[in-house]
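For reference, the structure discussed in these notes is given below.
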Amino acid sequence: MDNESIHEFSVQTIVKYFADCPRQGPGGPEMTKKALSFVKGLNKDSVIADLGCGAGTQTKVLAENTPAGQIIASDLAELFIERVNSLINQLGMNDRVEGVVESMDSLSFEKEQLDLLWCEGAIYNIGFEKGLEYWKQFIKPGGYVAVSEAVWLTVERPEEIQNFWNNSYPDIATIPNRLAQVQKAGYVPVASFVYSEECWIDNYHAPQEPVMEKFLKDNAGNKEAEGFIGFQKLEAEMYRKYKDYYGYVFFIGKKI
Ligand code: SAH
């Protein structure tokens, strides 16, 4: 596994696998609600974007915990958007929530249309600084951005975990560095907090175990699929071993 990284697996393989998982990244409803508690002034006319929404886990929490207003959940993967739209139908929320296929680096919102731009565990796809800078034009003055991202929790860390992240996401940074980037991009950093360990172990890694088994059975003999599962297992093992050194952090900023 030494030289493998998640980049070697096709997008289809990854989407197919994660469509069967309850979450597509570490997190939990408590984290979504906590981040939302720092966002003030939402009302029935508010427009909220949920970028890189995956299968809509946090879209549901956003919809259930905002007073009213419109939510546009978008993702590049069609399969996820199908899931989001069937979830919205089940919840009877089609009047205010909509899932659309759109890339986070070419958004069709109007300038200053959004009261809140949400992006949970997905900003790495565009890049932290680039995303914050590009998205700002779509947010109203006084509106909010809320993004979560993998970060280093310490200044120094063991070589094994440093190498693992250098290989899969070399842009990973410390919390103070990310906060400085939020500020530099034109937002007041109103809050940041670290996800609890349950967000990784109970909500993200544990539910993958049965999905892994089924995925390997369905793709028996497929080297790419086996390699991908190997990487997912390694990722979970790295977290258990090195969770003092890295984690996920929510950053909430207010556009000025
Ligand atoms: N927010 C979800 C999903 C996070 S996983 C959760 O926390 O559970 C990252 C998501 O980003 C995936 O759903 C992936 O399909 C999506 N993605 C990748 N590149 C993208 C892009 N350019 N534009 C929009 N979404 C993208």
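The values are calculated or read from the model by the stated rules, or taken from the named source; none is laboratory data. Just so it is clear, the structure is predicted and the values come from calculations on it, not from any experiment. For neighbour counting, all protein chains shown are included, and Cβ atoms are generated from backbone atoms with ideal geometry for every residue, glycine included. Please note that ligands, DNA and RNA were not included when accessible areas were found on the heavy atoms of the full protein model with its side chains. Shrake-Rupley method; radii C 1.70, N 1.55, O 1.52, S 1.80 Å.
Side notes on the structure shown:
- Per-residue SASA entry for LEU76, accessible area with 1.4 Å probe, Å² rounded to 10: 120 Å²
- Surface share of carbon and sulfur [accessible, 1.4 angstrom probe, percent] for the range 8-91: 53 percent
- Ranking SER37, SER168 by solvent-accessible area of protein heavy atoms (1.4 Å probe, all protein chains present), from largest to smallest, gives SER37, SER168.
- Between ALA180 and GLN137, the simple label model (points 7 Å from Cα in the Cβ direction) yields a spacing of 2.7 nm.
- In this structure the amide hydrogen of ALA173, modeled in the peptide plane, comes within under 5 Å of the amide hydrogens of TRP152, none closer than 5 places in sequence on its chain.
- Estimated from the Cβ-Cβ distance and a Förster radius of 22 angstrom, the FRET efficiency linking MET93 and ALA19 is about 0.60.
- Evaluating 6.51 cos²θ - 1.76 cosθ + 1.60 at θ = phi - 60° for every residue in the range 133-145, the Karplus couplings come out as 5, 5, 6, 4, 4, 8, 9, 5, x, x, x, 10, 10 Hz, glycine and proline recorded as x.
- J(HN,Hα) series, the range 189-205, from Karplus relation 6.51 cos²θ - 1.76 cosθ + 1.60, nearest Hz, glycine and proline x: x, 7, 6, 8, 8, 8, 5, 6, 4, 4, 4, 8, 6, 7, 8, 10, 6
- The range 197-254: trypsin sites (Lys or Arg not before Pro) falling in loop per DSSP and having at most 14 other Cβ within 10 Å: LYS243
- For the range 24-79, the list of trypsin sites (Lys or Arg not before Pro) that fall in a loop by DSSP and count at most 11 other C-beta atoms within 10 angstrom reads LYS40, LYS44.
- Per-peptide packing, taken as the mean over residues of other Cβ atoms within 10 Å, places 148-154, 100-106 in the sequence 148-154, 100-106 from highest down.
- Charge-dipole axis of the chain as Lys and Arg at +1 and Asp and Glu at -1 on Cβ define it, positive-most pick from LEU87, PHE38, PRO176: PHE38
- Summarising the amide proton neighbourhood of VAL100: residues at separation of 5 or more, or on other chains, whose placed amide H is nearer than 5 Å comprise ALA73, SER74, ASP75.
- Mean separation of Cα contacts under 8 Å, 6 or more apart, over the residue count of the chain: relative contact order %: 25 percent
- Most mobile of GLN90, GLN181, GLN70 in a GNM of the chain (Cα contacts under 10 Å): GLN90
- Whole-Hz Karplus values for the range 153-168 come out as 8, 10, 6, 10, 7, x, 4, 4, 7, 4, 5, 4, 6, 4, 6, 9 Hz, taken residue by residue from phi with 6.51 cos²θ - 1.76 cosθ + 1.60 and θ = phi - 60°; glycine and proline positions read x.
- Of LYS140/LYS184; LYS60/LYS233; LYS136/LYS255, those spanning more than 19 Å from alpha-carbon to alpha-carbon: LYS60/LYS233
- Computed from point charges on the beta carbon alone (+1 for Lys and Arg, -1 for Asp and Glu), the dipole magnitude for the range 127-225 about its Cα centre is near 560 Debye.
- Point-to-point label distance, ASP202-SER108, nm (Cα→Cβ direction, 7 Å offset): 4.0 nm
- Links that overshoot a 20 Å alpha carbon limit, given the list LYS217/LYS241; LYS40/LYS130; LYS16/LYS214; LYS34/LYS254; LYS33/LYS111: LYS217/LYS241; LYS40/LYS130; LYS33/LYS111
- Long-range amide H partners of LEU114 with built H, under 5 Å: ILE139, LYS140
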